[in-house]
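Below: one structure, written as structure tokens.
The values are calculated or read from the model by the stated rules, or taken from the named source; none is laboratory data. Because the structure is predicted, anything quoted here is derived from the model rather than measured. Cβ coordinates were reconstructed from backbone atoms using ideal geometry, including for glycine residues, and neighbour counts include every protein chain displayed. Quick note on the areas: whole protein, heavy atoms, side chains included, nothing else; ligands and nucleic acids left out. Shrake-Rupley method; radii C 1.70, N 1.55, O 1.52, S 1.80 Å.
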Amino acid sequence: APRSIRRRIPHLGGTCPIMLLNFVGSSRAGVATSPIVPRAALADRRPWPLHNVPTRDATVAVSSPATVVAFGLACGLTSGLGRSAMRRALLLQGAKRKRGRKVRIAVLPDGTNEEGEELKEPLALRKEELTDVVLYQQDLSPPCAKIRAFLKYYSVPFKTVKGRHPTSDYKKIPVLELNGRQINDSHIILTSLAPVLSGTPITAEERSWEKKLTFEFLPAFEVELAGNGDDISDLFGFGDGWQRALVGVLTPLLGGFLGSVFKGRYPNMDLPSSRYGVEFREALADRPFFHGEKPGPVDLSLYGTYAAFSEKKCRTAESFLRESNLQDWHNRMVQQVPSILDPDSEEAQRAHRDW
């Protein structure tokens, strides 16, 4: 590949299609660089075979140039995914080609965990030692809301910063800093943080529920929310004019598109989201909470996923609770967990009192 292309490929994000076409041309010649090729290799201009692209911790097999370009265009058109998304695309293709062989995900250059990667060193902290906690997030992001639910229930003081971590190589949210240590990915954050906050190791049952709620219930709920025109209009503050009418036409298409995308990414996801609520209600039996007399990690994970939208009076959240027969459990959770919307928002506190 030309040196100019080799130098610019690692910085893909908001990708230029012409660069990708050049990337395809060089790929057909049997040589390519990728966003996960070590910078040392770029410095001395060594090309790497397309079907044996080395990462920092793993060797990934790429099925075809067309596959790489398809993912690359998606990353380019959705600015903000950038280099980390291109890396994940290559890793996913390698996993499919290896059919069951374990593929390790590369650690990010800043030393923090990549999405889906367990912490190499467990948190060696006690709850009372959590004195400097910062959450990089968005208020209406379900993964971020789950973490706020945990921190608020266990009375951990924390600050929130809207948006991504400004200096991290991890380009998604949420990111949690605990006394200066950065943890990425909501699933990894919660499974690592729950034992610290609850004071007991996370059980196999709790880990199974957290996985189900994160990779099945959460995307199912987001698909239903995206397909509800009234909810989207209310969240964006649209009145009864043309904007609400246009949203009403577009949201079913958006919900269908998001559903097909998520079904490919989360193969075990199923609709409606209330099927997970029904399963949770059966697991409750006669107990007030999943963990007995008081809420625990599983209660907080489910509640935190939808609670922000419930406080906003979204129909999607109300339908989920009604169809799952979880209204009584929800009312008990409201009494236990402070509002998980922006704590400085008068609207958040008023909505929480209304419940």
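General observations
- Test set (1) free of Cβ contacts under 8 Å to residues at least 40 places away in the same chain; (2) over 20 Å from Ser260 (Cα atoms) - Ser192 fails condition number: (1)
- Just one residue in the set Tyr266, Tyr306 is within 22 Å of Ala194 (Cβ to Cβ), open to solvent by 30 Å² or more (accessible area, probe 1.4 Å) and hydroxyl-bearing (Ser, Thr, Tyr); that residue is Tyr266.
- Checking each residue in segment 300-319 for being closer than 12 Å to Phe280 by Cα and of a type outside the set (Ser, Thr, Tyr) picks out only Leu302.
- Test for Pro166: is it free of Cβ contacts under 8 Å to residues at least 40 places away in the same chain and within 20 Å of Glu121 (Cα to Cα): no
- Among residues that are at pLDDT below 95, under 23 Å from Leu321 (Cβ atoms) and in a helix (DSSP H, G or I), Pro219 is not included.
- Contact map, segment 207-219: first residue within 15 Å of Gly296 (Cβ to Cβ), second residue of a type in the set (Gly, Ala, Ser) and assigned to a helix (DSSP H, G or I), Cβ cut-off under 9 Å, separation 6 or more or different chains; pairs are Trp209/Ala283; Trp209/Ser301; Glu210/Ala194; Glu210/Ser301; Leu213/Ser301.
- Scanning segment 198-216 for residues that are touching a helix residue (DSSP H, G or I) at 6+ places or on another chain (Cβ under 6 Å) and at pLDDT 95 or above yields Glu206, Trp209, Glu210, Leu213, Thr214.
- With respect to the conditions (1) free of Cβ contacts under 8 Å to residues at least 60 places away in the same chain; (2) open to solvent by less than 20 Å² (accessible area, probe 1.4 Å); (3) more than 22 Å from Val247 (Cα to Cα), Thr203 lacks only one, and its number is (2).
- Looking only at residues in segment 245-256 that are open to solvent by less than 80 Å² (accessible area, probe 1.4 Å) and out of contact with any Asp or Glu (no Cβ under 8 Å at 6 or more places or on another chain), the one that is farthest from Ala226 (Cα to Cα) is Ala245.
- Every pair of residues 6+ apart whose Cβ atoms lie under 8 Å, when the first sits in segment 118-138 and is open to solvent by less than 30 Å² (accessible area, probe 1.4 Å) while the second is assigned to a loop (DSSP other than H, G, I, E, B) and among the β-branched types (Val, Ile, Thr): Leu130/Val156; Val133/Val156; Tyr136/Ile173; Gln137/Ile173
- Extreme residue, farthest from Gly259 (Cα to Cα), among residues of segment 285-303 that are open to solvent by less than 10 Å² (accessible area, probe 1.4 Å) and among the small types (Gly, Ala, Ser): Gly296
- Condition check for Gly237: open to solvent by less than 50 Å² (accessible area, probe 1.4 Å), over 23 Å from Ser155 (Cα atoms), without any contact (Cβ under 8 Å) to a residue 60 or more places away in the chain and of a type outside the set (A, V, I, L, M, F, W, C): no
Okay, residues lined up against (1) of a type in the set (Val, Ile, Thr); (2) open to solvent by 40 Å² or more (accessible area, probe 1.4 Å); (3) in contact with a His (Cβ under 6 Å, 6 or more places away or on another chain); (4) over 24 Å from Leu108 (Cβ atoms):
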| residue | (1), (2), (3), (4) |
| --- | --- |
| Cys144 | no, no, no, no |
| Phe158 | no, yes, no, no |
| Val161 | yes, yes, no, no |
| Ile173 | yes, yes, no, no |
| Leu178 | no, no, no, no |
| Ala194 | no, no, no, no |
| Phe215 | no, yes, no, no |
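- Filter result for Glu282 (free of Cβ contacts under 8 Å to residues at least 40 places away in the same chain, open to solvent by 60 Å² or more (accessible area, probe 1.4 Å), of a type in the set (Asp, Glu) and within 25 Å of Gly199 (Cα to Cα)): no
- Residue that is of a type outside the set (D, E, K, R) and under 24 Å from Arg315 (Cβ atoms), where the choices are Gly229, Gly199: Gly229
- Those residues of segment 129-145 which are closer than 24 Å to Tyr303 by Cα and over 20 Å from the mean Cα position of the chain (by Cα), in sequence order: Leu130
- Per-region count, segment 323-340, residues in contact (Cβ under 8 Å) with a residue 40 or more places away in the chain and open to solvent by 10 Å² or more (accessible area, probe 1.4 Å): 5
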